[in-house]
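Contents: one structure, followed by commentary.
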Amino acid sequence: MLTNISIYWLTQSAGPAANFYYEGAEGLRQAAAGVQAPPLTTPVGVGCSLTTSSSPSGGSPTGTSRRSRTGPSSTGRSFRRDEEPKLLTDDIRSFFRPLA
């Protein structure tokens, strides 16, 4: 615990770290009260490999007013950026192409 306190103290980052939690607290209170979040207005894409057991958001993006797409990749690799950059680039381009 002393290490964590020292890091915040010596780097003078306690204020910005606390501000991050303070600004997000209102959203957490609203979620706990059952208030529905406003719909997303930006495109959302979630890419998962075939070996991924669960999606990072706990499901598909909901409440999107624009284009969204989810689904596993056809290759099943975990590190597509490094192992198959062409396939990853093609997926990203196919997602954003209709938005242009």
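What follows draws every value from the coordinates through simple rules; no lab data is involved. These numbers come from a predicted model, not from an experiment. Positions of Cβ are backbone-derived with ideal geometry, glycine not excepted, and every protein chain shown enters the neighbour counts.
Numerical summary
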{"read-out": "Under-5 Å amide H pairs with G47, H placed in peptide plane, nonlocal only", "value": "none"}
{"read-out": "A31 versus T11: modelled label distance in nm, points set 7 Å from Cα along the beta carbon direction", "value": "2.4"}
{"read-out": "Added length on full extension, which subtracts the Cα-Cα distance from 0.36 nm per residue, N19 to V46", "value": "6.9 nm"}
{"read-out": "In Hz, Karplus ³J(HN,Hα) per residue of the stretch 84-100 (6.51, -1.76, 1.60; θ = phi - 60°; x = Gly, Pro)", "value": "9, x, 5, 5, 5, 4, 5, 4, 5, 5, 5, 6, 8, 4, x, 7, 6"}
